Amino acid sequence: METVLFLAHTESDGSLGKPALEALGAARALALTLGDAKLAAGLVGEQVQPAADVIAASGAARFLAVAGAAFGQSRYASDAAAIEALCKASQATLVIAPATARWNRVAAGVAQRLGGGVDTHVSGIAASGGAVSVSRWYYRQRLEAVLQRPQRPWFILVDPGSHAPYEGEAGAATVELIPVELSESCKRTSVAGIRQPAADAQTIRTGAALLFVAGAGWTKKQADGQLHVKDAEKLILDCLRLTRGSLGSSKSLVELSGEGQAVLGFLSHLNQIGQTGSSPRHPKGLATCCHGEEPHTVGWRFINERRAINLDPNCGWARGKADVLYVADAFAVMAKVNELLEAGRP
């Protein structure tokens with residue numbers, strides 16, 4: 001009989017982020033599918049009671065936690081010790097956790113300590129006849145693999161956006177605190193502070209409802225034979241500001257600077273999507289001045305609704321890769337869209 005442990009770290013205010021709630025949804029579904037599996041919740045953070053109360057009705061038989069000021073910040077040594085203690089206390093055979101930066105860094109090391117296995121960036125979990133399998137993508141989301149592992153405990157880190165988040169009534173959970181003693185060597189690393197760009201300068205928002213993708217056409221000569229890079233920057237940034245959207249780019253646009261061509265000043269390799277970048281997950285996506293061929297489209301595999309703007313009616317987006325294609329000038333379209341957004345119209 002399997003014991004499924006939902007493993008999460010709390011936020012600074014003691015709550016659970018959306019990726020954690022999505023992992024809990026996956027853990028509950030797996031436990032129900034297995035039938036005779038036990039579900040437990042394991043929390044790590046400075047304060048854990050608010051998070052435990054939010055998931056009190058999740059069906060977990062036990063709520064275990066490692067709490068305290070030493071566990072409020074992301075640190076390999078303390079996180080590894082906390083996870084190891086929770087796994088041993090719960091006797092977990094399957095550990096379902098969100099694939100956050102914090103857990104991705106430490107999960108493999110804990111699996112090695114416990115003699116188990118680990119898979120990250122999991123997009124699907126299934127069970128049949130008592131056998132558990134996971135699916136994940138390889139080669140920039142071109143190949144999907146289905147994996148099974150005999151090792152236990154098996155750490156399964158679920159990609160954010162791939163499962164429906166847990167929704168349930170809050171309650172009052174009884175939390176079992178697991179004591180973990182940290183040596184001084186485990187506390188050598190400390191977080192001195194957090195640096196982040198101003199809200200208006202932030203262009204990557206993983207939880208945004210809209211992904212705006214800028215293609216190389218923005219930096220090419222326009223109908224009047226001139227470059228309008230500054231105009232392009234203003235249109236794109238205004239759209240991101242008004243929609244609170246996230247910005248993506250194809251490799252060709254990001255790397256134009258190496259070819260001595262004009263570039264958008266706010267773009268970096270962190271904005272890349274597609275074959276050479278990330279594969280984001282957003283409810284809607286809008287591609288502008290993009291060719292729409294396979295390397296770029298791969299990055300859109302998990303976008304629910306895909307729209308594109310391109311002057312060429314025979315571009316890649318017109319061949320079944322976009323739900324809606326606007327054959328128009330992106331400068332004119334985005335100017336009108338921003339005008340409508342400023343006026344408060346959808």
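Per-structure values
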read-out	value
Unit charges on C-beta of K, R, D, E only; dipole of the stretch 158-281, Debye	440 debye
Tilt relative to the chain, helix 76-90 - C-alpha long axis, 0 to 90 degrees, to 10	50 degrees
FRET E, pair ASP224, SER278, Förster distance 41 Å, beta-carbon r, rounded to 0.05	0.70
Computed [θ] at 222 nm, helices only, for the chain once each DSSP H run of length n ≥ 4 contributes -39500 (n - 2.57)	-7500 deg cm²/dmol
Nearby aspartates and glutamates by direct alpha-carbon distance to LYS38 (threshold 18 angstrom, same-chain neighbours under 8 apart not counted)	GLU2, GLU176
Assigned charges on the beta-carbon of Lys, Arg, Asp, Glu; the stretch 210-342 dipole about Cα centre (debye)	360 debye
The stretch 112-158: C-alpha gyration tensor shape, a/c 1.5 cut-off, then a/b vs b/c	oblate
Simple Cβ-charge dipole of the chain, Lys/Arg +1 and Asp/Glu -1, about Cα centre, in debye nearest 20	500 debye
Set LYS221/LYS284; LYS18/LYS284; LYS230/LYS336; LYS18/LYS251 screened for pairs whose C-alpha atoms are more than 23 Å apart	LYS221/LYS284; LYS18/LYS251
Charge-dipole axis of the chain as Lys and Arg at +1 and Asp and Glu at -1 on Cβ define it, positive-most pick from GLN141, TRP300, ILE178	GLN141
In degrees, nearest ten, helix 101-113 long axis to first principal axis of the chain (Cα)	40 degrees
Trypsin sites (Lys or Arg not before Pro) lying in DSSP loop within the stretch 151-257, provided at most 12 other Cβ fall within 10 Å	ARG188, ARG195, LYS221
Chain lengthening between THR120 and ASN304 when straightened (0.36 nm per residue, less Cα-Cα)	64.0 nm
Shape of the stretch 157-259, Cα gyration tensor, a/c cut at 1.5	prolate
The stretch 210-342: C-alpha gyration tensor shape, a/c 1.5 cut-off, then a/b vs b/c	rounded
Computed FRET value (nearest 0.05) for ALA318 with LEU270, which takes r as the C-beta separation and R₀ as 35 Å	0.75
Candidates ILE156, ILE83, ILE204: whichever shows maximal mean-square fluctuation once the chain is modelled as a Gaussian network with Cα springs under 10 Å	ILE204
Helix 229-243 vs. the chain, principal-axis angle (Cα, 0 to 90°, nearest 10)	40 degrees
Max mean-square fluctuation residue, GNM over the chain, Cα-Cα springs under 10 Å, options ILE194, ILE125, ILE55	ILE194
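Bear in mind these aren't lab numbers, they're just calculated from the coordinates by the rules spelled out. From a predicted model like this one, the values you see are computed outputs, not experimental measurements. Counting neighbours? That spans all protein chains shown, and the Cβs are built from the backbone with ideal geometry, glycine included.
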